[in-house]
Every structure is written in C-alpha cells, then in structure tokens.
1. Name the residues in the range 287-308 that are among the small types (Gly, Ala, Ser) and closer than 17 Å to Thr135 by Cα, would you?
2. For the range 118-132, what are the residues that are exposed (fewer than 12 other Cβ atoms within 10 Å of the Cβ) and of a type in the set (A, V, I, L, M, F, W, C)?
3. As an exercise: evaluate Gly22 against (1) modelled with pLDDT of 95 or more; (2) part of a helix (DSSP H, G or I); (3) surrounded by fewer than 18 Cβ atoms within 10 Å (Cβ to Cβ) and give the number of the one condition it does not meet.
4. What are the pairs, 6+ residues apart or on separate chains, where a residue within the range 250-265 that is among the basic types (Lys, Arg) has its Cβ under 6 Å from a residue that is not in a loop (DSSP other than H, G, I, E, B)?
5. So, Val141, is that one modelled with pLDDT of 95 or more, over 16 Å from the mean Cα position of the chain (by Cα), assigned to a loop (DSSP other than H, G, I, E, B) and buried (at least 16 other Cβ atoms within 10 Å of the Cβ) or not?
6. Of the conditions (1) touching a Ser or Thr at 6+ places or on another chain (Cβ under 7 Å); (2) free of Cβ contacts under 8 Å to residues at least 24 places away in the same chain, Ala122 satisfies every one except a single condition; which number is it?
7. Criterion first (over 22 Å from Asn38 (Cβ atoms) and over 20 Å from the mean Cα position of the chain (by Cα)) does Val87 satisfy it?
8. Does Glu32 satisfy the condition of being under 28 Å from Arg172 (Cβ atoms), surrounded by fewer than 18 Cβ atoms within 10 Å (Cβ to Cβ) and of a type in the set (Asp, Glu)?
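The values are calculated or read from the model by the stated rules, or taken from the named source; none is laboratory data. Source: prediction; values computed, not measured. Glycine also receives a Cβ, built like all others from the backbone with ideal geometry; neighbour counts cover every protein chain displayed.
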Amino acid sequence: MARLLVTRILTITAVAALLVLGTGCPDKSKAEAIKAANRGAKALSSKQFDTAITEFKEAVRLDRDNFMAWYQLGESYRAKKEWNEAVEAFESASRLRPNDVMLNVRFGAALYEQAVDRERQAEATRLKKKPEEVTPDLRGVNFDAALQRLEAAVKVDPNLYNAQYYIGRIYRDQFKDAQAADAFTKAILAWPRFGAPYIALGELYRRWDYPNEAIQVVSQGVEHVMENEDKSKLFYILGMAYFDKVEDSKAITAFTEALKLSKDNHKAKFQRGQSHFRMGQLKEADKDFEEFSKSAGSGLAALKGIAQKFRFQIAAKQQPGGG
C-alpha cells in the first residue's frame, strides 16, 4: 500500500491516543489498554509487526471497546498478509464504528485478499502444488462483502485511490473489464504516484489487444511513480506491450530497465530472452534463459521449462549446419 495512506492512519492513531489520555480515565484497565495500544502503535510504525500484534491483543483484552487497537491490530496482520486474522480484527473494529471510512477501505481490501488467498489455497490443494505455483480463476469467487465496504468508502470520498484500485481488481477478476478500467483510472487520477493501477490498467489494455494504449498508460506511470518495485513492474508491462507489437529492440530496452530497478523481476529476464531470440541474438538470449532458469523460483516452473526448450533450440542453431 502506498506510504501516504499508512502515514495518515498512524497520525490518526497517535492523535486518538493523545485525546483519550488527555481526558483521563478512571478505569484502570482502560488506562492500561491505552498504554498497550500506544506501545503497539510504536512497534507498528517501526515495522515490528509481531510485537505490535502482541501489544494490540493485550489492549483489546483489557478494553474490548478500543476501536483504534482493533483497527491497528488488523493493520498489523495485514502487513504480515495474515488475512483471516486481519478480517477478524477489522470486523471487531467495524462493530464499534461501522461507518468509519478508512476502516471500510482496509476491511474491504482485507476481505478481497482473504477470498483470493482461500481460492489460491483450494486450487493448490486440487492440483497438489504450492500456493505460490498457482494462479486461481477468480471469476466464481464471491467478492460482494469486499465490494460493499469499498463502495461505501468511495461514496463518501471518491478520491480514495486505494479503494478505487481494489474495486478495479474485483471487477477485473470478474471479467467486467469496462468497470475495472473505470476504477483503475479513478485511482490513477486520485493519486498519480500510486503504481498498482497503472500496472493493472496496462495489463487490461494488453488483454484487449490494445498495445498502444497500454504503452501510453504505463509510460505515464513510469513518469510519475517513484517506488522501484512498482516502476520495475511498469517497465515490464511496457516491454510486454512492445513485445506484442514485435518491436523487440524497444522491448529489450524496457525489460533491461525493469531489471535495473529489481533484479528479482525474473519474468523480465525471461521475456528479454525471448526478444533476443526473435531478433536472432542467440548468445544474449541463451544467457538470459540460463540466468532465469537458475534464479527464478518454483512459482515460475512452467516458464523454466519453456526457457529450457529455447536453450535446446539455440544449441541446435549454433551447431554446424543448424541454421
């Protein structure tokens, strides 16, 4: 998630804690809950998530009505991508403040991630694979609860870019592409430095076989986005759009930029190898395929097999009379 949203949330937390402390509290357990919540907020801001969880759990044990402790407990679990626990914490917070806008953003996003994670786990079990090795088909997943929360948030403030982004993801997963594109566009307009909606919209345009539009969108993202990881993904999508147009020289340049920003963008290495191969640059292609096969994880096992086939073809072409 973007830093601005996190900063805003932590600021709200600190102010809320100070207000409660300033008014005084005759109930000793509530006072102790506030102290635990403040320790949790400090740990969360330092990314000490396990410590934060311990402190926030203590806070809500002492005071079940401490909204911010429940909220930040959900944030701590969200940071660890423990979606079931995040949803439970946000649900407890929602009982106290059902119309809180920022809670609805986080709660809706967590409900979405929980649904995706469950489907991924189920798919992995069916296929007898690791969860990271499967891409679940999400068209049949019920995202109604998540969408309800997110839409409630943007009804209050349409410029909540993260909520718009998740709304776009839900529509995209349901193959409601027009609605998805609209939501991603709203997210971009609300906060142009947020990389994820550029990436998602670029992928949508590629799915529609509109490479020129994909190039235009992700080029804007490259200009505005600052985070290296997101920027690497943008250059990857840019390279794929050029690859779709069989403009391999430009594709290679984009994939190279993606790899400069993130050496772990293994797909960029694989795709650059394909562009080199298509251009007849067999030595460069073989190097990329070899490095990809060594460094990519098990989640890219299928692409590793394809890379190996390319290497066999390259070896055959390099033999005398191999063409």
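1. Ala296, Gly297, Ser298, Gly299, Ala301, Ala302
2. Answer for the range 118-132, where residues must be exposed (fewer than 12 other Cβ atoms within 10 Å of the Cβ) and of a type in the set (A, V, I, L, M, F, W, C): just Leu127.
3. Status for Gly22: all satisfied but (1).
4. Lys250/Tyr242
5. Yes; evaluated as a whole, the condition is true for this residue.
6. (1) is the only condition that Ala122 fails.
7. Considered against the rule, which asks whether it is over 22 Å from Asn38 (Cβ atoms) and over 20 Å from the mean Cα position of the chain (by Cα), Val87 comes out as no.
8. It is false that Glu32 is under 28 Å from Arg172 (Cβ atoms), surrounded by fewer than 18 Cβ atoms within 10 Å (Cβ to Cβ) and of a type in the set (Asp, Glu).
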